[in-house]
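Participant: Dropping a structure here in structure tokens format, bear with me for questions.
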Amino acid sequence: MSIKNQALMEAIRDRLLEDSRIASLAIDVSCADGFVCLVGCVDTIEQKELAVELIIGMVGVRNVREELRVRKETSAIGAL
């Protein structure tokens, strides 16, 4: 991995860790020439969208592919 890719990947990880809404989630980041891939599990669709939003405008990011899975949410109807 080039130094440029490594630096971008570390900056992305830092950005994700700085946001308390997703900091505790296990999101793996890979990067090659500005193409970023996010893999892991999140609790809500909002967290999934937030992870992409946080990095899409970063300098050096050309494209984001997200492969984040949303854990099944418990339905209030199912609890009845």
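Read-outs: derived from the displayed coordinates by stated rules, not from any lab. Since the model is a prediction, treat every value here as computed from it, not as a measurement.
Participant: Taking the Cα atoms only, what angle lies between the long axis of helix 45-56 and the longest principal axis of the chain, rounded to 10 degrees?
Facilitator: It works out to around 10 degrees.
Participant: Quick one: helix 3-18 against the long Cα principal axis of the chain, what's the angle to the nearest 10°, folded into 0 to 90?
Facilitator: The helix 3-18 is inclined about 30 degrees to the chain.
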